[in-house]
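Every number here is computed from the coordinates shown, using simple stated rules; none is lab data. Everything quoted here is computed from the prediction, not taken from an experiment. Cβ placement follows ideal geometry from the backbone for every residue including glycine, while neighbour counts extend to all protein chains displayed.
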Amino acid sequence: MPAWYWCVLGALLGATIASFLGVVLERVPRGLSLNGRSRCACGRQLAWHENVPIAGWLRTRGTTPCCRQRLPRTYLAGEAAGTLLLGGLGLLAGPLGIAGGAVAAIVIATGTAHLRRHGTRRTDDDGGH
């Protein structure tokens, strides 16, 4: 496959993975489930086209689709970073670059969610001494 193919595929996967990891980082520390569809701040279930990474944020100009509450810019920034990171890795290293970047992003997000939920308590048997 040509390099542009891996770049585009990496960019699409990067935006999607980053969007999902944003949900993980939002819900897991608060003890919320990852099951079910995304909802607006007012409780309305979002349609699939309102959840398209980057495009959904830009289409609504950074507000929720129904009640027009502001969305954090970190949502857009995270999705853009995922797009650029995996797109660049796809361009430079092909499918292995995409896979490696995706695994790294998931590991980092999982660790971050764990720290947000549980803090940095020590669990040594000797009481941390």
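Relative to its residue count, the range 63-119 spans a Cα convex hull of 102 Å³ per residue.
Normalised by 2.2 N^0.38 Å, with N the number of residues, the alpha-carbon radius of gyration of the range 1-68 equals 1.30. Peptides 29-38, 55-64, 86-95 ranked from most to least packed, by the mean per-residue count of other Cβ atoms within 10 Å: 86-95, 55-64, 29-38.
The charge dipole of the range 3-118, taken about the Cα centre with unit charges on the Cβ atoms of Lys, Arg (+1) and Asp, Glu (-1), comes to about 560 debye, rounded to the nearest 20. Extension gain for the segment THR60 to VAL23, taken as residue separation times 0.36 nm less the Cα-Cα distance, is 11.5 nm to one decimal. Dimensions of the range 3-118 based on its C-alpha atoms, expressed as ranges along the principal axes with the largest first, amount to 43, 36, 22 Å.
Our summary gives the chain a relative contact order of 41 percent, counting only alpha carbon pairs under 8 angstrom and 6 or more residues apart.
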